[in-house]
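Here's the structure, in structure tokens; my notes come after.
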Amino acid sequence: GAAMAAVPEVEIDADGTFKYILVRLQRPGGEERRDIVRGTKAAEFHNHIFEKVNPEMEKLGYECKCLGGGKIDHNSKDKKIRVFGLSTGYGKADHSMTVEILKKKYTDYEITWSDDKK
């Protein structure tokens, strides 16, 4: 479907360190799926991000499942992104998956991940 492809894979803050979640979109009963990354400093907890994304996606006709979370350290000046940490509520996202998604948008960045907490 054109609509699923129209959902941006990545929406994260331009700078700073903030929480992120990895979310899987699926049409109810459908095979098609898309994994998206959402992160913002505005979210004090990981579920705040999900609570914003979920209704938006439900309006478009998708079921959302949070695959886990962590933190992103985004330095746009140096073109570096570091993915690390975990979500207490959702567990740790597969950061290697997150990095692959981020690389599609930030093609000229150095993007790394680790299981470090900080």
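Side notes on the structure shown:
- Ratio of Rg to Rh for the chain: 0.96 [Cα atoms; Kirkwood radius as inverse mean 1/r over pairs].
- Segments 30-39, 108-117, 73-82 sorted - mean Cβ within 10 Å per residue, highest first: 30-39, 73-82, 108-117
- Between Lys92 and Glu51, the simple label model (points 7 Å from Cα in the Cβ direction) yields a spacing of 2.7 nm.
- The DSSP beta bridges internal to the chain are antiparallel in roughly 75% of cases.
- Top of Glu44, Glu63, Glu11 by mean-square fluctuation, Gaussian network on the chain, Cα under 10 Å: Glu44
- With every protein chain in place, the chain: carbon and sulfur % of accessible area (1.4 Å): 50
- In degrees, nearest ten, helix 95-105 long axis to first principal axis of the chain (Cα): 80
- Charge dipole magnitude, Cβ of K and R +1, D and E -1 - the chain, Cα centre, debye nearest 20: 140
- When shorter helices are ignored and each DSSP H run of at least 4 residues is given -39500 (n - 2.57), the per-residue value for the chain at 222 nm works out to -7500 deg cm²/dmol.
- Per residue, the solvent-accessible area of the chain (1.4 Å probe, heavy atoms of protein chains only, all protein chains present) comes to 55 Å².
- Leading residue at positive end of dipole, the chain (Cβ point charges), from Cys64, Ile111, Gln26: Ile111
- Cα long-axis angle, helix 46-59 against the chain (0 to 90 degrees, to the nearest 10): 30
The values are calculated or read from the model by the stated rules, or taken from the named source; none is laboratory data. Not measured: the values here are computed from a predicted model. Reconstructed Cβ throughout: ideal geometry from the backbone, glycine too, with neighbour counts over all protein chains shown. For accessibility, only protein heavy atoms count, side chains too; no ligands or nucleic acids. Shrake-Rupley method; radii C 1.70, N 1.55, O 1.52, S 1.80 Å.
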